[in-house]
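A quick write-up on the structure given underneath.
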Amino acid sequence: MIDAVSASLAELADLTRLGALVCGVLLGFAAGIIPGLGGRIGLLLALPLAILFEPLAGAAFLIALHAVVHTSGSITPIAYGLPTSASEAATALDGFQLQRQGRGAEALGASLSASAFGGVVGALVFLLAAPLVRPVITAVGAPEFLVLSLIGLALVSTLSDRQPSGGLAVAGLGVLASTVGMDALTATPRFTFGMLELWDGLDTIAVIGGLFVIPEMLALAANGIGPQTAPHGAQRRQMIAGMIGAFRYAMVMIRSTVIGIVVGIMPGVGSSVSVWIAYADAARRARSDVPFGQGAVAGVVAPEAANNAKEGGALIPTVFFGIPGSSSMAILIGGFVMLGIDLGPDFLSAKLPDALYFGWVVIAANLLAVPLFLLVVPHIVRVTTFRPAAIVPFALIAIVTAALGSTNSALGYWQFLAGGVLGVMLYLAGLPRAPFLLGFVIGPLVETSLTKTIVVFGSSAAYRPGVILLGLALLAVLYGLRRPKTEVPAGVDGSAVSLEGPRRLRPVTLATLGLFVTVGSAAIVTALSFGKPAGIAPVLAATVLVAGALVSIVLVRKERGSRAPPISSGVAARLAAFLALVPVLGLVVSSLAFLYTTRKAISARPSVLLLCAAVIVLGEYLMIEVLLGKALPVGWVGAVLLH
């Protein structure tokens, strides 16, 4: 084993492979910053570049790229409130609040420390796991995945509301939304309404972009609280102070790292599960002077540590057994096959130094990301010294561009619009959005695990050791749900709640919950026609949705009072006009029109507005045409003119 470790370190010192590693770090850093790109699309775009290197150097290039995506992925959620993927949405909850309080540099520094710690520790676990992990992985099956997913949903449902029933209802809606499309087992179309575009399900980026970004930007424009960031030199000093301050939450960092590694080891669970479980665990157990969701540093540390630690855990089944630990790892395996590297038990036994080399690449990439982060980020976030009203137009244009570019279907626009409407409704209703995201992301895992458990294991699944242990943990979480909260983390997902009463528009809350009951009831009736295998998950999810909504209606009616959450009706009207113009005039023309209507919030100087317009046009072209290889949406008018 010592010889293998020495040989793997020697491979790391090879100049060609070291150069490939540095290139991977640079591209991965850029991919993490751009909303809608992230690890999966970044890996796909980088596959042609990997063949320019020899096999191990190409592998180092791809691994390093993916290892730092989540490190830089925290920049836009913290600086602008723009989650670049589902995994970064948890970071935006507290990170953006810290930015609005003038502590954005501190939040960025804390995220850097947590990311580096989680990434390095996760890789070290990968290096130590070779002789130990095989019996663990072979003992984990569909029943364990099912119970773990239920734990995550139960934990996240408690984050944002005085009554967890509201969170459970939203989680049920998320799982129900994930069942839209063709059933993988029976090929039964579900909730597609005869549209072929929905056979592949809803688009994640479009739905999440509307759900999270639109309410946050409308709230930011309404309350007018701007970040008072320091000049360039102090910005970096504050980041370093934030890096050091993150270790005040050492136990949060350690627990979140362990959660990320354990969840990462389980193939198919995905990063979003580990992130939200870590965030929920920190919200329940961490000692923080600031409630989670109002700018708690621990709320940044927990998801970032879990996010990067998960990659080390996901490498274990990927490299040792050839089983992808996540969707990104599935792409990575495809890249390795293209390079002539066959992962699995044979690779582990025949080429142990090469397998260990991958772990060292992850460690080196995470360490290289630290000085790069400190060097680049102060320049990127300098724009956040502007008034918040100046940030809002660019953030909204960026997320619309990312949503339209992430899907080949014309329905992507309508999915983004639906996600935005739902996000605003949940925000005004004082209901959490995080449970919807987790339910939507892990819904396929819940359904697959549930079906396999019923068909393959039956009642014997209840006697598996892993199920018993995880089941006890689930019971503990459910027991905690029965206790009402006297004070909850205000501001999480835009639904602030305090002892003064929840921050919600009560009529909107009751209308939203009533809509949930109607949608859930209709879904149950429709799902019963799908047949037994295809209809099980939709019926159960819709039942949770209806039950949670009914309980919440009773509890909301008993509340003594509420406060209206801030929202800018003027910006909302301009945004609605912008979104209405996109299918007519196309993305570029509509974006420029939206920029013109919000020009007073940006600058009175024509030269500045022209520069902003040029940046928007160039950015949209680069993101959609160059990076994603798609045509810019030109709208009905543009299509007529082109033909």
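The values are calculated or read from the model by the stated rules, or taken from the named source; none is laboratory data. Since this is a predicted model, take the numbers as computed values, not measurements. As a convention, Cβ positions derive from the backbone with ideal geometry for all residues, glycine included, and neighbour counts pool all protein chains shown. We work out accessible area using only protein heavy atoms, side chains counted, and drop any ligands, DNA or RNA first. Shrake-Rupley method; radii C 1.70, N 1.55, O 1.52, S 1.80 Å.
List of remarks:
- Pairs with Cβ under 7 Å, 6+ apart, first in the stretch 434-447 and in the same structural domain as residue 215 (by the TED database) and open to solvent by less than 20 Å² (accessible area, probe 1.4 Å), second part of a helix (DSSP H, G or I) and charged (D, E, K, R): 434/493
- Scope the stretch 625-643; condition surrounded by 15 or more Cβ atoms within 10 Å (Cβ to Cβ) and either of a type in the set (Ser, Thr, Tyr) or at pLDDT 80 or above (or both); matching residues: 632, 633, 634, 635
- Lone qualifier among 626, 554, 584, 637 - being of a type outside the set (Lys, Arg), in a helix (DSSP H, G or I) and assigned by the TED database to the domain that holds residue 395: 554
- Any hit, the stretch 585-596, residues being hydroxyl-bearing (Ser, Thr, Tyr) and buried (at least 19 other Cβ atoms within 10 Å of the Cβ): yes
- So residue 536, is it surrounded by fewer than 20 Cβ atoms within 10 Å (Cβ to Cβ) and touching a Ser or Thr at 6+ places or on another chain (Cβ under 8 Å): yes
- Qualifying residue in the stretch 548-561 (condition: crowded, with 18+ Cβ neighbours inside 10 Å and out of contact with any Leu (no Cβ under 7 Å at 6 or more places or on another chain)): no
- Selection status of residue 19, surrounded by fewer than 17 Cβ atoms within 10 Å (Cβ to Cβ), within 31 Å of the chain's Cα centre (by Cα), assigned by the TED database to the domain that holds residue 365 and at pLDDT 80 or above: yes
- Residue 43 vs. criteria touching a helix residue (DSSP H, G or I) at 6+ places or on another chain (Cβ under 9 Å), open to solvent by less than 10 Å² (accessible area, probe 1.4 Å), closer than 20 Å to residue 372 by Cβ and at pLDDT below 75: yes
- Residue 595 being within 30 Å of residue 179 (Cβ to Cβ), in a helix (DSSP H, G or I) and not hydroxyl-bearing (Ser, Thr, Tyr): no
- For residue 499, the requirement of being under 26 Å from the mean Cα position of the chain (by Cα), within 29 Å of residue 95 (Cα to Cα), modelled with pLDDT under 90 and surrounded by fewer than 19 Cβ atoms within 10 Å (Cβ to Cβ) is not met.
- When residue 574 is tested against (1) open to solvent by 50 Å² or more (accessible area, probe 1.4 Å); (2) out of contact with any Ser or Thr (no Cβ under 7 Å at 6 or more places or on another chain); (3) of a type outside the set (Asp, Glu), only condition (2) is not met.
- For the stretch 557-572, a residue qualifies if it is among the hydrophobic types (A, V, I, L, M, F, W, C) and either assigned to a loop (DSSP other than H, G, I, E, B) or at pLDDT 90 or above (or both), and the qualifying residues are 564, 567.
- Failed condition for residue 610, given (1) open to solvent by 80 Å² or more (accessible area, probe 1.4 Å); (2) modelled with pLDDT of 80 or more; (3) of a type outside the set (D, E, K, R); (4) part of a loop (DSSP other than H, G, I, E, B): (4)
- Scanning the stretch 176-193 for residues that are assigned to a loop (DSSP other than H, G, I, E, B), more than 24 Å from residue 420 (Cα to Cα) and open to solvent by 50 Å² or more (accessible area, probe 1.4 Å) returns 184, 185, 186, 187.
- Residue pairs meeting the criteria (Cβ under 7 Å; at least 6 apart or on separate chains; first more than 17 Å from residue 638 (Cβ to Cβ), in the stretch 563-584; second open to solvent by less than 60 Å² (accessible area, probe 1.4 Å) and among the hydroxyl-bearing types (Ser, Thr, Tyr)): 565/427; 574/598
- Residue check, residue 26 modelled with pLDDT of 75 or more, open to solvent by 70 Å² or more (accessible area, probe 1.4 Å), assigned to a helix (DSSP H, G or I) and farther than 27 Å from residue 260 by Cα: no
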